[in-house]
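One structure below.
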Amino acid sequence: MYNFIQKFHSGWAYLALLLLVLAVVNSVIGMTSKKEFTAKDRKIALFALIATHIQLVVGLILYFISEVGMKAFSTEGAMKIPELRLTMLEHPLTNIIAITLITIGWSKHKKGATNESKFKSITLFYGLGLVLILIRIPWKLWL
């Protein structure tokens, strides 16, 4: 079971990142070209939101059953080991913050009165979320 969840979490990350990058790029293009915010733009942002939330749920499940997740806190000196600290604290905490920002961006875009404000909310919040996710991916374990 652990192996399946770990592989799913790693594999789904590619889809989540692809959709998130697509949403950010689409919003930047929409904002700079001053185009209308259409149903297509909403769906791209929504699919990115859903994909990142699924990634979070699977990641939290993995965190609680993994030896490098919550169980690692019982390891003496774990915070002094950079790889262990990344997987047990920095990666999950940063990604929770990132997905919170993405969720805020989704909520703010719905309240936007203009096309520009909708694109701006998605660009800003999804973009910040993407940057946070990218800086805390455990690249050595993932690639």
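The values are calculated or read from the model by the stated rules, or taken from the named source; none is laboratory data. For clarity, every value in this text was computed on a predicted model and none was experimentally measured. Counting neighbours? That spans all protein chains shown, and the Cβs are built from the backbone with ideal geometry, glycine included.
Just give me the residues in the range 74-84 being within 17 Å of L62 (Cβ to Cβ) and either of a type in the set (K, R) or surrounded by fewer than 13 Cβ atoms within 10 Å (Cβ to Cβ) (or both), in sequence order. Outline the logic, then answer.
Quick first cut of the range 74-84, residues within 17 Å of L62 (Cβ to Cβ) only: 83-84.
Scanning the range 74-84 gives a single hit, E83.
Within the range 102-119, restricting attention to residues that are of a type outside the set (G, A, S) and under 17 Å from L22 (Cβ atoms), the residue that is surrounded by the fewest Cβ atoms within 10 Å (Cβ to Cβ) is W106. Within the range 19-38, residues that are in contact (Cβ under 8 Å) with a residue 12 or more places away in the chain have Cβ atoms under 8 Å from residues that are assigned to a loop (DSSP other than H, G, I, E, B) in these pairs: G30/F37; F37/G112, counting only partners at least 6 apart in sequence or on another chain.
When the range 38-57 is filtered for residues that are within 17 Å of N115 (Cβ to Cβ) and either under 9 Å from the mean Cα position of the chain (by Cα) or outside any helix (DSSP H, G or I) (or both), only T38 remains.
Scanning the range 77-116 for residues that are within 19 Å of the chain's Cα centre (by Cα) and among the small types (G, A, S) yields A98, G105, S107.
Scan the range 67-113 for residues that are outside any helix (DSSP H, G or I) and either in contact with a Phe, Trp or Tyr (Cβ under 7 Å, 6 or more places away or on another chain) or under 20 Å from T123 (Cβ atoms) (or both) and jot them down. Don't jump to the end; show me each part of the working.
Keep residues of the range 67-113 that are outside any helix (DSSP H, G or I), which gives 67-69, 75-77, 81, 112-113.
Across the range 67-113, the qualifying residues are G69, G112, A113.
Between V58, V68, which is under 21 Å from L130 (Cβ atoms) and not hydroxyl-bearing (S, T, Y)? Break it down into steps so the answer makes sense when it comes.
Numbers: V68 fails: under 21 Å from L130 (Cβ atoms).
After ruling out the rest, the residue left standing is V58.
Screening K35 against (1) exposed (fewer than 15 other Cβ atoms within 10 Å of the Cβ); (2) within 12 Å of the chain's Cα centre (by Cα) leaves a single unmet condition, (2).
For I122, the requirement of being over 21 Å from Y14 (Cα atoms), outside any loop (DSSP other than H, G, I, E, B) and β-branched (V, I, T) is not met. In the range 55-73, of all residues being modelled with pLDDT under 85 and over 16 Å from E90 (Cβ atoms), the one that is surrounded by the most Cβ atoms within 10 Å (Cβ to Cβ) corresponds to K71.
Being of a type outside the set (S, T, Y) and over 20 Å from I135 (Cβ atoms) is the filter here; which residues of the range 4-27 pass it?
Here is the first cut: in the range 4-27, the ones of a type outside the set (S, T, Y) are 4-9, 11-13, 15-26.
Answer for the range 4-27, where residues must be of a type outside the set (S, T, Y) and over 20 Å from I135 (Cβ atoms): F4, I5, Q6, K7, F8, G11, N26.
Remark: pairs (first residue in the range 61-89, among the basic types (K, R); second residue loosely packed, with under 13 Cβ neighbours inside 10 Å; Cβ separation under 9 Å; 6+ apart in sequence or on different chains) = K71/F64.
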